[in-house]
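Okay, structure first, notes after.
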Amino acid sequence: MSLFDLTGKTALITGATSGIGSQQAKALSAAGAKVVLVGRRQDRLDALCQELQAQGRQAESLAADLLDSEQWETLTLTALARFGRIDILCNTAGMNPRQPADSLTQKVWDETLTLNLKAPFFIAQQLVPAMRENGWGKIINVASLQSNRAFANGLPYGASKGGISQLTRAMAEAWSSQGIGCNAIAPGFFPTELTQAVFEQDELSAQLARQTAIGRNGQLSDLDGVCVFLASHASDYITGQIINIDGGFTAK
């Protein structure tokens, strides 16, 4: 058995229409997994599916708006019915409204916590029974630098990502003895839709790069190795951990 070979495994990735989710789909499919892409924008799902299929990889899509909690059960039941099994779940869909604390509304707060914190648990909860039956599964959540520190205009996002760190540990405690590992990645600054406002400011982007130990901001391909590692047998004795992928930002 190759520790990093995902042949025969099926991975469901939320937020697969862009950024980290799209990159996870590419990395996991390159390692041999069949990937199920989940997102709101069908045109982007179709484009990524076609890109992966053109490379000889197995990719399918399921459109869903995860802000609508009524779609969570439909999504998981459809995925299991269509693909037979989901071995790997990447809870990557998220939002960061970037609003000042004084003008933050309950609607924005609720939407952010629903998508970033509530959906990852309940989608996992619905997929765990099949993973348990197979005796193996991997759940990968997405934490953040804001899991541990505050950034301007990031109150609900930071609250949700602080919650993700503890949720990851709690999910690991609940399910790891049944063969289901749960870990989280905590990315630094990578060029995605959520960080577009940062990367549009050259001086701010350069300042953040200087704060890393490596001296640059992240490239999406920097996520590939950890993603495959956490999704594979190579990490079978690692669970409940939050792994910073930040070029040493948190080390300084």
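General remarks:
- Residues being part of a helix (DSSP H, G or I), of a type in the set (Gly, Ala, Ser) and crowded, with 17+ Cβ neighbours inside 10 Å - total across the range 19-55: 6
- You will find that of Ala159, Ala152, the residue that is modelled with pLDDT under 95, open to solvent by 30 Å² or more (accessible area, probe 1.4 Å) and farther than 19 Å from Ser18 by Cα is Ala152 and no other.
- Selection from the range 77-110 of residues that are more than 30 Å from Gln196 (Cβ to Cβ) and part of a helix (DSSP H, G or I): Leu77, Thr78, Leu80, Ala81, Arg82, Phe83
- Being in contact with a Ser or Thr (Cβ under 8 Å, 6 or more places away or on another chain), touching a residue at least 24 places away in the same chain (Cβ under 8 Å) and open to solvent by 70 Å² or more (accessible area, probe 1.4 Å) is true of Gln58.
- Residue within the range 137-158 that is part of a helix (DSSP H, G or I), touching a Leu at 6+ places or on another chain (Cβ under 7 Å) and touching a residue at least 12 places away in the same chain (Cβ under 8 Å) present: yes
- Here Asn183 clears all of (1) in a strand (DSSP E or B); (2) loosely packed, with under 12 Cβ neighbours inside 10 Å; (3) of a type outside the set (A, V, I, L, M) except the condition numbered (2).
- Members of the range 122-145 that are closer than 22 Å to Tyr157 by Cα and open to solvent by less than 60 Å² (accessible area, probe 1.4 Å): Ile123, Ala124, Ile139, Ile140, Asn141, Val142, Ala143, Ser144, Leu145
- Within the range 216-235, the residues that satisfy the criterion of being in contact with a strand residue (DSSP E or B) (Cβ under 7 Å, 6 or more places away or on another chain) and open to solvent by 30 Å² or more (accessible area, probe 1.4 Å) are Asp222, Val226.
- For the range 214-252, residues that are in a helix (DSSP H, G or I), out of contact with any Leu (no Cβ under 8 Å at 6 or more places or on another chain) and hydroxyl-bearing (Ser, Thr, Tyr) total 2.
The values are calculated or read from the model by the stated rules, or taken from the named source; none is laboratory data. Predicted model, so just to flag it, every value in this text is computed and none were measured. Backbone-built Cβ (ideal geometry, glycine too); neighbour counts: all protein chains shown. For accessibility, only protein heavy atoms count, side chains too; no ligands or nucleic acids. Shrake-Rupley method; radii C 1.70, N 1.55, O 1.52, S 1.80 Å.
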